[in-house]
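Colleague: Following this message is one structure expressed as structure tokens.
Values in this text are rule-based calculations from the coordinates and carry no lab data. Please read all numbers here as calculations on a predicted model, not as lab measurements. Note that each Cβ is placed from the backbone with ideal geometry, even for glycine, and that neighbours are counted across all protein chains shown.
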Amino acid sequence: MAQMVTGQVGAEGPYWDALAQGRLRLQRCTGCGVWHWPAVWRCGQCGSWDHEWVEQEFVGTVFTWNRTHHRFAGTEGLPLPYTTVLVELDGSGVRLQGLLEGPEDGLRIGARVTGRADRTPFGETSIPSIRWSLA
Ligand SMILES: [Zn+2]
């Protein structure tokens, strides 16, 4: 049974709410401009409590990747093997992980990717997630 992950859960609530709606929003400190991921309540750089949530594009560069051949608890809904990429976003430099979809020709560190919001099955539920594709 699918279950939505929404609502202001911890400092990262706005990220998950946006992703569930198909958008990517990341936290930036309004005091010093540093990007935070994972999200924080208070900036560790300047001490500010004030942050803004900035719309980002699903565009970046592969920082690293991994192909999984063995089942982990909760991933029964994913066909094996599956490929996970850690993408460094353009602009913010924040790194976000997601499954790679589509052709894998050209997959390497530094490859350009674009992404989209989706949901990934996890156990009895599904969670908002990012699907990346080689550009
Ligand atoms: Zn700051």
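Colleague: Counting alpha carbon pairs within less than 8 Å and at least 6 residues apart, what relative contact order, in whole percent, applies to the chain?
Modeller: Working: 290 pairs, mean separation 32.5, N = 135.
Over the chain, the number comes to 24 percent.
Colleague: Hey, another quick one. Starting from the Cα of Arg71, step 7 Å along the direction of its Cβ; do the same at Trp37; then give the gap between the two resulting points in nm.
Modeller: Going from the Arg71 label point to the Trp37 one covers 3.1 nm.
Colleague: In Å, what Kirkwood hydrodynamic radius results for the chain from the alpha-carbon pair distances? Spell out each step's value before the answer.
Modeller: Working: mean 1/r = 0.0631 Å⁻¹.
By the Kirkwood definition, the hydrodynamic radius is 15.8 Å.
Colleague: Would you please name the trypsin sites (Lys or Arg not before Pro) within region 32-135 that are DSSP coil residues with at most 12 other C-beta atoms within 10 Å of their C-beta?
Modeller: Values: sites: Arg42, Arg67, Arg71, Arg95, Arg108, Arg112, Arg116, Arg119, Arg131; in loops: Arg42, Arg71, Arg108.
Answer in residue order: Arg71, Arg108.
Colleague: Check each of the GluC sites (Glu not before Pro) in region 31-108 and keep only those in coil by DSSP with at most 16 other C-beta atoms within 10 angstrom; list them in order. Intermediate values should be presented prior to the final figure.
Modeller: Values: sites: Glu52, Glu55, Glu57, Glu76, Glu88, Glu101, Glu104; in loops: Glu57, Glu76, Glu101, Glu104.
When the GluC sites (Glu not before Pro) of region 31-108 are filtered for loop state and at most 16 Cβ neighbours within 10 Å, Glu57, Glu76, Glu101, Glu104 remain.
Colleague: A further question follows. Show me the chymotrypsin sites (Phe, Trp or Tyr not before Pro) within region 1-94 that DSSP assigns to loop and that have at most 13 other Cβ atoms within 10 Å of their Cβ. The partial results should precede the final answer.
Modeller: On the way: sites: Tyr15, Trp16, Trp35, Trp41, Trp49, Trp53, Phe58, Phe63, Trp65, Phe72, Tyr82; in loops: Trp41, Trp49, Phe58, Phe72.
Passing both the DSSP loop test and the Cβ count: Trp41, Trp49, Phe72.
Colleague: Here is a follow-up. Once you measure Cβ to Cβ distances between cysteines in the chain, which Cys have no partner under 4.7 Å?
Modeller: Cysteines of the chain left without a disulfide-compatible partner: none whatsoever.
Colleague: Karplus couplings for region 109-119 from phi (6.51 cos²θ - 1.76 cosθ + 1.60, θ = phi - 60°), rounded to Hz, Gly and Pro as x?
Modeller: Calculated HN-Hα couplings, in order: 4, x, 5, 7, 9, 10, x, 8, 7, 8, 10 Hz.
Colleague: Taking every alpha carbon pair in region 7-56, what does the distance histogram look like in 5 angstrom bins from 0, in percent?
Modeller: So the P(r) values, bin by bin, are 5, 25, 32, 22, 12, 4, 0.
Colleague: If I model a spin label as a point 7 Å beyond the Cα along the Cα-Cβ vector, how far apart are those points for Gln45 and Gln21 in nm?
Modeller: Distance between the two pseudo-spin positions: 2.6 nm.
Colleague: Which value, in nm² and rounded to one decimal, describes the direction-averaged projected area of the C-alpha convex hull of region 57-135? Walk me through the numbers on the way to the answer.
Modeller: On the way: hull surface 20.1 nm².
Computed as one quarter of the Cα hull surface, the answer is 5.0 nm².
Colleague: Further question on the same structure: Quick one: putting +1 on the C-beta of Lys and Arg, -1 on the C-beta of Asp and Glu, what dipole do you get for the chain around its Cα centre, in Debye to the nearest 20? Walk me through the intermediate numbers first.
Modeller: Details: 12 positive and 14 negative charges, 37 e Å.
In debye, rounded to 20, the chain gives about 180.
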